[in-house]
Amino acid sequence: MILTADFFARPTLKVAPDLLGATLFVQTDAGRCSGRIVEVEAYLGAEDPASHAFGGPTPRSAVMFGPPGRTYVYFIYGMHHCLNFVTEPEGTAGAVLIRGIEPLEGMDLMRARRGKFLDKDLCNGPGKLCQALGIDRKCSGLTLGHGPDGGIWVLDRAEKPDIEASRRIGIRKGEELPYRFSIS
DNA sequence: TGGATGATCGCA
DNA sequence: GCGATCATCCAG
(Lines give C-alpha, C1' and ligand atoms only; values in the text may rest on other atoms or scores of the structure.)
Protein backbone atom coordinates (compact mmCIF):
# COMPACT_ATOMS: atom_id res chain seq x y z
CA MET A 1 0.00 0.00 0.00
CA ILE A 2 1.13 3.55 -0.73
CA LEU A 3 1.38 5.49 2.52
CA THR A 4 -1.04 8.43 2.75
CA ALA A 5 -1.78 11.29 5.13
CA ASP A 6 -3.37 8.97 7.70
CA PHE A 7 -0.05 7.21 8.20
CA PHE A 8 1.78 10.49 8.78
CA ALA A 9 -0.90 12.13 10.96
CA ARG A 10 0.48 10.38 14.04
CA PRO A 11 3.15 11.18 16.61
CA THR A 12 6.50 11.65 14.87
CA LEU A 13 8.17 9.15 17.20
CA LYS A 14 5.78 6.46 15.95
CA VAL A 15 5.95 7.38 12.27
CA ALA A 16 9.76 7.44 12.12
CA PRO A 17 10.46 3.79 13.04
CA ASP A 18 7.45 2.66 11.00
CA LEU A 19 9.13 4.07 7.87
CA LEU A 20 12.11 1.72 8.21
CA GLY A 21 11.91 -0.97 5.57
CA ALA A 22 9.43 0.97 3.44
CA THR A 23 10.32 1.80 -0.16
CA LEU A 24 10.83 5.38 -1.31
CA PHE A 25 10.05 6.20 -4.96
CA VAL A 26 11.05 9.34 -6.83
CA GLN A 27 9.95 9.72 -10.42
CA THR A 28 11.04 12.64 -12.60
CA ASP A 29 11.40 13.24 -16.31
CA ALA A 30 14.81 11.58 -16.06
CA GLY A 31 13.31 8.32 -14.81
CA ARG A 32 12.35 6.45 -11.69
CA CYS A 33 14.53 5.71 -8.69
CA SER A 34 13.62 3.76 -5.59
CA GLY A 35 15.24 2.48 -2.45
CA ARG A 36 14.60 0.83 0.88
CA ILE A 37 14.54 3.25 3.80
CA VAL A 38 17.14 2.08 6.35
CA GLU A 39 17.86 5.16 8.49
CA VAL A 40 15.66 8.05 9.68
CA GLU A 41 15.54 10.71 12.37
CA ALA A 42 12.54 12.21 14.14
CA TYR A 43 12.29 15.97 14.55
CA LEU A 44 9.46 17.12 16.77
CA GLY A 45 7.70 20.44 16.95
CA ALA A 46 8.15 23.72 18.76
CA GLU A 47 9.50 21.94 21.87
CA ASP A 48 12.42 20.14 20.14
CA PRO A 49 15.49 22.41 20.18
CA ALA A 50 17.05 20.55 17.26
CA SER A 51 13.98 20.95 15.05
CA HIS A 52 13.53 23.68 12.49
CA ALA A 53 10.09 24.07 14.05
CA PHE A 54 11.61 25.01 17.43
CA GLY A 55 10.00 28.10 18.91
CA GLY A 56 7.25 28.32 16.31
CA PRO A 57 6.82 28.61 12.56
CA THR A 58 9.11 30.63 10.28
CA PRO A 59 8.87 31.00 6.49
CA ARG A 60 11.20 28.02 6.09
CA SER A 61 9.54 25.73 8.63
CA ALA A 62 5.92 26.62 7.84
CA VAL A 63 5.36 23.39 5.91
CA MET A 64 6.18 21.42 9.08
CA PHE A 65 3.10 22.95 10.71
CA GLY A 66 0.90 22.14 7.73
CA PRO A 67 -0.88 18.94 6.67
CA PRO A 68 0.90 15.61 7.19
CA GLY A 69 2.08 13.45 4.34
CA ARG A 70 3.92 16.23 2.52
CA THR A 71 7.60 16.68 1.76
CA TYR A 72 9.83 19.19 3.53
CA VAL A 73 13.11 19.75 1.69
CA TYR A 74 15.67 22.25 2.96
CA PHE A 75 19.06 23.46 1.76
CA ILE A 76 21.94 23.18 4.23
CA TYR A 77 25.65 24.00 4.44
CA GLY A 78 25.48 25.88 1.16
CA MET A 79 25.55 22.72 -0.92
CA HIS A 80 23.24 19.97 0.29
CA HIS A 81 19.55 19.19 0.40
CA CYS A 82 17.74 17.04 2.97
CA LEU A 83 14.41 15.23 2.49
CA ASN A 84 11.80 15.03 5.25
CA PHE A 85 8.20 13.88 5.50
CA VAL A 86 5.80 16.06 7.51
CA THR A 87 4.07 14.30 10.40
CA GLU A 88 1.45 15.07 13.07
CA PRO A 89 -2.02 16.55 12.45
CA GLU A 90 -2.23 19.92 10.73
CA GLY A 91 -1.32 22.70 13.15
CA THR A 92 1.21 20.53 14.99
CA ALA A 93 4.77 20.46 13.68
CA GLY A 94 6.88 17.37 13.10
CA ALA A 95 8.98 15.74 10.42
CA VAL A 96 11.03 12.63 9.71
CA LEU A 97 14.42 13.15 8.07
CA ILE A 98 15.36 10.42 5.61
CA ARG A 99 19.04 9.72 6.30
CA GLY A 100 19.74 6.58 4.32
CA ILE A 101 18.27 4.26 1.70
CA GLU A 102 19.45 1.13 -0.08
CA PRO A 103 19.13 1.68 -3.84
CA LEU A 104 16.71 -0.62 -5.66
CA GLU A 105 15.64 0.87 -9.01
CA GLY A 106 17.40 3.51 -11.11
CA MET A 107 20.94 2.90 -9.96
CA ASP A 108 22.40 4.04 -13.29
CA LEU A 109 20.58 7.36 -12.90
CA MET A 110 21.79 7.65 -9.31
CA ARG A 111 25.38 6.97 -10.35
CA ALA A 112 25.15 9.58 -13.09
CA ARG A 113 23.87 12.20 -10.62
CA ARG A 114 26.35 11.33 -7.88
CA GLY A 115 29.49 11.12 -9.98
CA LYS A 116 32.44 8.82 -9.45
CA PHE A 117 31.47 7.20 -6.16
CA LEU A 118 31.18 3.63 -5.05
CA ASP A 119 27.70 2.10 -5.06
CA LYS A 120 27.81 1.78 -1.30
CA ASP A 121 28.15 5.57 -1.04
CA LEU A 122 25.28 6.43 -3.40
CA CYS A 123 22.54 6.99 -0.81
CA ASN A 124 24.04 6.49 2.68
CA GLY A 125 23.47 10.03 3.93
CA PRO A 126 20.75 12.67 3.76
CA GLY A 127 22.59 14.91 1.32
CA LYS A 128 23.79 12.03 -0.79
CA LEU A 129 20.38 10.49 -1.30
CA CYS A 130 18.87 13.82 -2.32
CA GLN A 131 21.60 14.23 -4.92
CA ALA A 132 21.12 10.65 -6.13
CA LEU A 133 17.35 11.06 -6.37
CA GLY A 134 17.47 14.52 -7.95
CA ILE A 135 15.68 16.21 -5.04
CA ASP A 136 16.02 19.93 -4.33
CA ARG A 137 13.90 22.67 -2.77
CA LYS A 138 11.52 22.65 -5.73
CA CYS A 139 10.43 19.28 -4.31
CA SER A 140 9.41 20.80 -0.96
CA GLY A 141 5.77 20.99 0.08
CA LEU A 142 4.66 18.27 -2.34
CA THR A 143 1.96 15.83 -1.33
CA LEU A 144 3.32 12.30 -1.24
CA GLY A 145 1.76 10.24 -3.97
CA HIS A 146 2.06 9.09 -7.54
CA GLY A 147 0.60 11.73 -9.84
CA PRO A 148 0.36 11.83 -13.63
CA ASP A 149 3.78 13.50 -13.82
CA GLY A 150 5.41 11.15 -11.35
CA GLY A 151 6.25 12.48 -7.93
CA ILE A 152 7.49 11.17 -4.60
CA TRP A 153 5.75 8.37 -2.77
CA VAL A 154 6.38 5.64 -0.20
CA LEU A 155 5.29 2.00 -0.39
CA ASP A 156 4.67 0.39 2.99
CA ARG A 157 6.96 -2.42 4.10
CA ALA A 158 5.85 -6.06 4.00
CA GLU A 159 7.39 -6.94 7.34
CA LYS A 160 8.65 -4.98 10.31
CA PRO A 161 12.46 -5.09 10.50
CA ASP A 162 14.54 -5.16 13.68
CA ILE A 163 15.03 -1.54 14.73
CA GLU A 164 17.56 0.21 16.91
CA ALA A 165 17.36 3.72 18.34
CA SER A 166 20.33 6.02 18.86
CA ARG A 167 21.25 9.70 19.04
CA ARG A 168 20.67 12.08 16.19
CA ILE A 169 23.63 13.11 14.04
CA GLY A 170 25.09 16.54 13.45
CA ILE A 171 23.09 18.57 15.96
CA ARG A 172 24.19 20.75 18.86
CA LYS A 173 21.00 20.79 20.93
CA GLY A 174 18.82 17.90 22.02
CA GLU A 175 21.64 15.53 21.06
CA GLU A 176 20.94 13.24 24.02
CA LEU A 177 17.54 12.21 22.69
CA PRO A 178 17.31 8.75 21.01
CA TYR A 179 15.39 9.96 17.99
CA ARG A 180 17.49 8.27 15.31
CA PHE A 181 16.17 4.94 14.06
CA SER A 182 17.93 2.43 11.85
CA ILE A 183 17.56 -1.18 10.77
CA SER A 184 19.76 -3.41 12.91
C1' DT B 1 40.17 17.32 10.54
C1' DG B 2 38.80 21.27 8.31
C1' DG B 3 37.19 23.76 4.10
C1' DA B 4 33.44 24.57 0.87
C1' DT B 5 29.39 27.51 0.44
C1' DG B 6 24.80 30.10 0.97
C1' DA B 7 20.12 30.22 3.12
C1' DT B 8 18.05 31.30 7.39
C1' DC B 9 16.83 33.92 11.43
C1' DG B 10 17.29 36.77 15.52
C1' DC B 11 18.71 41.06 16.68
C1' DA B 12 19.79 45.87 15.76
C1' DG C 1 21.42 45.01 7.11
C1' DC C 2 24.83 41.81 9.84
C1' DG C 3 26.82 37.72 11.45
C1' DA C 4 26.47 33.33 13.83
C1' DT C 5 24.76 29.14 12.85
C1' DC C 6 23.75 25.09 10.33
C1' DA C 7 19.30 18.01 10.52
C1' DT C 8 26.55 17.62 5.35
C1' DC C 9 30.05 15.79 2.37
C1' DC C 10 34.58 14.75 0.90
C1' DA C 11 39.61 15.33 0.17
C1' DG C 12 43.85 14.99 2.43
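The values are calculated or read from the model by the stated rules, or taken from the named source; none is laboratory data. Since the model is a prediction, treat every value here as computed from it, not as a measurement. Counting neighbours? That spans all protein chains shown, and the Cβs are built from the backbone with ideal geometry, glycine included. Heads up: the accessible areas ignore ligands, DNA and RNA and are worked out on the full protein's heavy atoms, side chains in. Shrake-Rupley method; radii C 1.70, N 1.55, O 1.52, S 1.80 Å.
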Complete set of residues in segment A:59-75 that are within 18 Å of the chain's Cα centre (by Cα) and either open to solvent by 20 Å² or more (accessible area, probe 1.4 Å) or more than 12 Å from DNA strand C (Cβ to nearest atom) (or both): A:ARG60, A:ALA62, A:VAL63, A:PHE65, A:GLY66, A:PRO67, A:PRO68, A:GLY69, A:ARG70, A:TYR74, A:PHE75
Every residue from segment A:101-127 that is within 16 Å of DNA strand B (Cβ to nearest atom), open to solvent by 70 Å² or more (accessible area, probe 1.4 Å) and at pLDDT 95 or above: A:ASN124
From the options A:GLY78, A:GLY56, residue that is over 16 Å from the mean Cα position of the chain (by Cα) and open to solvent by 60 Å² or more (accessible area, probe 1.4 Å): A:GLY78
Search result, residues across segment A:48-83 that are within 14 Å of DNA strand B (Cβ to nearest atom), among the polar types (S, T, N, Q) and closer than 22 Å to A:ASP18 by Cβ: A:SER51
Conditions (1) polar (S, T, N, Q); (2) touching a residue at least 60 places away in the same chain (Cβ under 8 Å); (3) not in a strand (DSSP E or B): number failed by A:SER34: (3)
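Would you say A:ARG168 is assigned to a loop (DSSP other than H, G, I, E, B), in contact with a strand residue (DSSP E or B) (Cβ under 6 Å, 6 or more places away or on another chain) and basic (Lys, Arg)?
Working: assigned to a loop (DSSP other than H, G, I, E, B): yes; in contact with a strand residue (DSSP E or B) (Cβ under 6 Å, 6 or more places away or on another chain): yes; basic (Lys, Arg): yes.
Taking the combined requirement at face value, the residue satisfies it.
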Residues located in segment A:117-157, provided they are aliphatic (A, V, I, L, M) and either touching a residue at least 24 places away in the same chain (Cβ under 8 Å) or assigned to a helix (DSSP H, G or I) (or both): A:LEU129, A:ALA132, A:LEU133, A:ILE135, A:LEU142, A:LEU144, A:ILE152, A:VAL154, A:LEU155
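Criterion first (charged (D, E, K, R), open to solvent by 70 Å² or more (accessible area, probe 1.4 Å) and more than 10 Å from DNA strand C (Cβ to nearest atom)) does A:ARG36 satisfy it? Don't jump to the end; show me each part of the working.
Numbers: charged (D, E, K, R): yes; open to solvent by 70 Å² or more (accessible area, probe 1.4 Å): yes; more than 10 Å from DNA strand C (Cβ to nearest atom): yes.
Taking the combined requirement at face value, the residue satisfies it.
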Counted residues, segment A:39-53 - those being open to solvent by 30 Å² or more (accessible area, probe 1.4 Å) and either within 16 Å of A:ASP136 (Cα to Cα) or in a strand (DSSP E or B) (or both): 1
The lone exception for A:ILE101 - which of (1) among the β-branched types (Val, Ile, Thr); (2) away from DNA strand C (no atom under 13 Å from the Cβ); (3) in contact with a Gly (Cβ under 9 Å, 6 or more places away or on another chain) it fails: (2)
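Condition check: more than 12 Å from DNA strand B (Cβ to nearest atom), more than 24 Å from A:ILE171 (Cα to Cα) and β-branched (Val, Ile, Thr). Does A:THR143 satisfy that? Step through it out loud before you land on a result.
Working: more than 12 Å from DNA strand B (Cβ to nearest atom): yes; more than 24 Å from A:ILE171 (Cα to Cα): yes; β-branched (Val, Ile, Thr): yes.
So A:THR143 passes the test.
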Tally, over segment A:1-31, of residues that are part of a loop (DSSP other than H, G, I, E, B) and of a type outside the set (Ser, Thr, Tyr): 11
